[in-house]
Amino acid sequence: MKVHETRSHAHMSGDEQKKGNLRKHKAEGKVQEAEQSHKKAKSENNNGIDGAGDVASEYNEFCKAVADNLSVDQIKEVLETNGQDSSGTQEILLAQCQDLLFYGALAKCPLCGGNLICDNEKRFVCGGEISEWCSCVYSTKNPPRNEEPVKIPDSVMNSNISDLIKKHQDPKSRPKRELGSADKPFTGMMISLMGRLTRTHQYWKKKIERHGGKVSNTVQGVTCLVVSPAERERGGSSKMVEAMEQGLPVVSEAWLIDSVEKQEAQPLEAYDVVSDLSVEGKGIPWDKQDPSEEAIESLSAELKMYGKKGVYKDTKLQEKGGMIFEKDGLLYNCAFSICDLGKGRNEYCIMQLITMPESNLNLYFKRGKVGDDPNAEERLEEWEDEEAAIKEFVRLFEEITGNEFEPWEREKKIQKKPHKFFPIDMDDGIEVRSGALGLRQLGVSAAHCKLDSFVANFVKVLCGQEIYKYALMELGLDPPDLPMGMLTDIHMKRSEEVLLEFVEKLKTTKETGQKAEAMWADFSSRWFSLMQSTRPMRLHDFHELADHAASAFETVRDINTASRLIGDMRGDTLDDPLSDRYNKLGCKISVVDKESEDYKMVVKYLETTYEPVKVSDVEYGVSVENVFAVESDAIPSLDDIKKLPNKVLLWCGSRSSNLLRHIYKGFLPAVCSLPVPGYMFGRAIVCSDAAAEAARYGFTAVDRPEGFLVLAVASLGEEVTEFTNPPEDTKTLEDKKIGVKGLGRKKTEESEHFMWKDDIKVPCGRLVPSEHKDSPLEYNEYAVYDPKQTSIRFLVEVKYEEKGTEIVDVEPQ
């Protein structure tokens, strides 16, 4: 076996050598000193120990005595006798033992029954698990303690400090432990300042010292160097160069401001101002970057593995003819993810066996934190013995997941194990971020396309990487290491089941407080292990569940459909690849003449029912660029839909990334039922009579103002049920396929409505306040439960424009 390249280091061993004593020397004088301290404190206050200072002082002396007089074995015996965990490092075990003997044995965690431990003198946390997916999230400053006396083993009773320990056995005489306050964010830090900051150096010196830190005039031994933005532009002084040479963090003043404001030291990586100036470039983890900076990096990143047969880009073996090794129907290419929000873990792992032309097998292994590529562990090894390479691959799979490889690869049988990775089940295809057209190829493809130029440009949008990259970036599902747009149906089904199970659980749960937090943390860990994210978060409510789980699932599902239809266009040998993909769509798309009645009707409907999209304090208007008429084999025709009763022309909001699937397969109902707009009527297809509602979904980003709105005819059926609040039972609506109208706080003026194509109602009218002022919906929503009751008629290409923008020349002061 030859090792070609290695990055990072091998796994660290968890075993540590025992020592007989923490300190062999028995400091009997210190024992007496501790006892005297106890007597003094007791005599000053007949009711016990008074004042945090006295308790802290006595506890410090007590800790010294325990450290000097008890061996590691005795410390473990104390912990085990009192039902505590004894598996940590010597330092942790000593701290736990000192706390137990002085303040009493900690009770079990009220959430999971695990053992509580003190975390950095700030809080007590649990070391157990809520489930196999998530470590416990219990946290408190006042942990529950057992009320019975501490059990002292015989070996400790015979030690020099037995009398001191016995004085703390009685629960009635125990003080309460006061943990250190977290309001000093710079405690233990040495900070150096440089350049002209917004506040004087003297101001920041006082501020830093007030918040627990110290200021140094040099960069020797400092935690970080705080500089002004101008220093970067000038290239920096010798002080800044020295800091960079030493690998010290160089951060902006915003780090000081935010740390003081949030009362906690913020991650230095997020405020780094010079990493890109370094010779190698440290690289800031994506989750620590400003979202706008992360977006730029995400959109410019190249997908490193396009699917089950994709050789990972960093191996540099694909360009040399490398291919994923396959034997007996098994492909030796696996990707894994773990997101444990209880422990703050969000990691990925890649394993591949790669066969080379006329050469040996190569085993590639990579493991690291999501979005932190420079610090990932990575190795590429050449194996002469094929069977040995396969055995090593299988061994690594079992080490990573706790499961066997072959049952997973053949039958997808797997059981999630605590603290172990879970496979991301990649499909055999090419993910759209890799296979779709890049920016440089789009113009050439459109120029050679035989379709109408407007239609060619529309198909070009659907077949370009950009809309899919944007969608995944907005959802935080954009790690470049895994093909989230090329997952198997089994993986998507598993993700859907996890979501639906949690939605059902929410309907019956009565949990509050930390138990509710634990329930949400467990689901969030499961979700972001299956749907790997650069920014996983602990979801807290229905709105977040809709945005980051339900809507995200639907988008990933639709992007997977797009990946399969688009395939590999970059290496396409066809003369006209856009026409080829257009034909595969099985539809007819045509530009609506701007002088036609249909075009005028669509524009009027949009302009009349539109209200500006608001982003922060900026409002965006909208203008129509083009209107496309659609006929698709997967969608009921206009003639078919006209045979159904109670038809209405309605707006449907959609991300551009979802459009190809809508045209190719038709609308799908919402994935679940949630008491929020878009999901409150259950697994339904939801539309609105207000373009303003649809525009919220069509709007993507300030720097990408183009979008599409969908106009579809929906048959509401003979019976329409109206709601002003989320219905308690959506299952009945789904089963009976009853048409639903959700009444919003605004409605369209009914006197202005008109008919289209004889009997299709167009609820086009000015938006006016309705009588339903307490409705959770801003605009009316309509829901149908059978895709055959909807027919997409128009795709409206729009452009969002900032309203009231004026360019003002400002003279220099």
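The values are calculated or read from the model by the stated rules, or taken from the named source; none is laboratory data. None of these values were measured; they are calculated from a predicted model. Quick note on the areas: whole protein, heavy atoms, side chains included, nothing else; ligands and nucleic acids left out. Shrake-Rupley method; radii C 1.70, N 1.55, O 1.52, S 1.80 Å.
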For LEU437, which sequence-distant residues (separation of 5 or more, or a different chain) have an amide H within less than 5 Å of its own amide H, given hydrogens modelled in the peptide plane?
GLY464, GLN465
Relative contact order of the chain, defined on C-alpha pairs under 8 angstrom at six or more residues apart (%)
9
What is the antiparallel percent of DSSP beta bridges lying wholly in the chain, to the nearest 5?
85
So what's the gap between the Cα centers of the range 73-130 and the range 597-645, to the nearest angstrom?
63
In whole Å, what is the distance between the alpha-carbon centres of the range 134-169 and the range 346-379?
46
Largest-first ordering by accessible area, 1.4 Å probe, given options SER791, SER751
SER751, SER791
Sort THR608, THR790 by accessible area with a 1.4 Å probe, largest first.
THR608, THR790
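Tell me what the chain gives for mean residue ellipticity at 222 nm when only DSSP H runs of n ≥ 4 count, each as -39,500 (n - 2.57), the sum divided by the residue total, rounded to 500 deg cm²/dmol.
Details: 27 runs with 276 residues, N = 813.
Rounded to the nearest 500, the figure is -10000 deg cm²/dmol.
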Over what distance in Å are the Cα centres of the range 524-541 and the range 399-422 separated?
20
Quick shape check on the range 56-167: root eigenvalues a ≥ b ≥ c of the Cα gyration tensor, a/c under 1.5 is rounded, otherwise prolate if a/b tops b/c, else oblate, and it reads prolate
Would you please classify the overall shape of the chain from the alpha carbon gyration tensor, given that a ≥ b ≥ c denote the square roots of the eigenvalues, rounded means a/c under 1.5, and beyond that prolate means a/b larger than b/c while oblate covers the rest?
prolate
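Rounded, prolate or oblate for the range 331-384? Axes are the square roots of the Cα gyration tensor eigenvalues, ordered a ≥ b ≥ c, and the cut-off for rounded is a/c under 1.5.
Judged from the Cα gyration tensor, the range 331-384 comes out prolate (a/c at least 1.5, a/b above b/c).
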Using a probe radius of 1.4 Å on heavy atoms only, what accessible surface per residue do you get for the chain? Whole Å² is fine.
47
